[in-house]
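Quick note: the coordinates plus some simple rules give every number you see, no bench work behind them. Please read these numbers as outputs of a predicted model, since none were measured by experiment. For neighbour counting, all protein chains shown are included, and Cβ atoms are generated from backbone atoms with ideal geometry for every residue, glycine included.
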Amino acid sequence: MRSFRYFVFVAAVFAGLQFSAGAGAADQRSPGELAESFHDGLVGVMKEAKALGIQGRYDALLPLINGTFNITLMAATVTAPYWRNGQADQKAALVEAFRGMSVATLATLFDGYSNEKFTVVRSRKSGKRIVVVDAEIRKSDGGIVKISYVVANTGGRWWIIDIVIDGGISEIKKRRNEFVRILKEGGLAGLTGELTERTKELLAGKRK
């Protein structure tokens, strides 16, 4: 994930996208502040997880994800090179399906709170427009989960565009590998249908 090739690939993807400096440009949070804000919002939902239920967690997490992650860039990255040749309506539908699946996954995973502590450790540059924010989750049993957020400056502000857990493979790379067959067989429309179905199953408690 931290290889030069990876960052060149990501840079090439968002260089080909058009971002406006609209309302998002007013957000002046640094990469580290963005990660801390995400942690605060996530912990808030975790503390109310049982009362909210999965749909309530989804509804609470949706605006948090929208203000923190560049879902369009992430969707474009996981579907390259199919994204390049997709129609505008296909891309828009895919972005919404990817957004829904991402939020539903978080709503499923973070279904309670056990005094976890989220801490930003450091920020380090990995290119002109990319910063990696290293953080950790300290669990109640003393265990530590290390997280690295890949943060890119697009449209006049910073956005998280990828996550790496415990120094493993990036979530974007995992999704790219997972979606290869679906994209080959059905293109963007086929993946949109698959992600929409996954979201329904997650919210119904039928999928982990």
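Counting alpha carbon pairs within less than 8 Å and at least 6 residues apart, what relative contact order, in whole percent, applies to region 131-208?
For region 131-208, the relative contact order is 16 percent.
Here the relative contact order of the chain, from alpha carbon pairs under 8 Å that lie six or more residues apart, stands at 26 percent. Build a GNM of the chain with springs between Cα atoms under 10 Å apart, and of 88, 49, 135 the one that fluctuates most is 88.
Per DSSP H run of at least 4 residues, take -39500 (n - 2.57); add these up for the chain, divide by its residues and hand me the 222 nm value, nearest 500 deg cm²/dmol. Kindly include the intermediate steps, with their values, before the conclusion.
On the way: 6 runs with 111 residues, N = 208.
After summing the helix terms and dividing by the residues of the chain, the value is -18000 deg cm²/dmol.
For the chain, modelled as a GNM whose springs connect Cα atoms under 10 angstrom apart, the maximal fluctuation among 47, 128, 139 occurs at 128.
Dipole of the chain, Cα-centred, from +1 at each Lys and Arg C-beta and -1 at each Asp and Glu C-beta, to the nearest 20 debye? Display every interim value, and only then the final one.
On the way: 30 positive and 21 negative charges, 124 e Å.
Result for the chain is approximately 600 debye, rounded to the nearest 20.
Specify whether the C-alpha gyration tensor of the chain places it in the rounded, prolate or oblate class, a ≥ b ≥ c being the square roots of the eigenvalues: rounded for a/c under 1.5, otherwise prolate if a/b is larger than b/c and oblate if not. Walk me through the numbers on the way to the answer.
Numbers: a/c = 1.57, a/b = 1.14, b/c = 1.38.
Note, shape of the chain comes out oblate.
Among 26, 189, 93, determine the one that fluctuates most according to a GNM of the chain built with springs between C-alpha atoms less than 10 Å apart. Result: 26 has the largest fluctuation of those listed. For the chain, the antiparallel share of DSSP beta bridges with both residues in that region comes to about 95%. For region 45-92, the normalised intensity computed at q = 0.15 Å⁻¹ comes to -0.56 (log10 of I(q)/I(0), Debye sum over alpha carbons, equal scatterers, no solvent). Only one residue of 183, 203, 121 has its Cα farthest out toward the positive end of the dipole of region 107-208, where Lys and Arg carry +1 and Asp and Glu -1 on Cβ, and that residue is 121. Just name one of 151, 67, 90: the one whose Cα is farthest towards the positive end of the charge dipole of region 27-203 (beta-carbon charges, Lys/Arg +1, Asp/Glu -1). So the residue we want is 151. Could you tell me which of the pairs 125/173; 91/206; 47/173 are separated by over 22 angstrom between their Cα atoms in the structure shown? Result: 91/206; 47/173 exceed 22 Å. 3J(HN,Hα) along region 194-206: 5, 5, 4, 5, 4, 4, 4, 5, 5, 6, 8, x, 9 Hz, from the Karplus curve 6.51 cos²θ - 1.76 cosθ + 1.60 with θ = phi - 60°, whole Hz, x for Gly and Pro.
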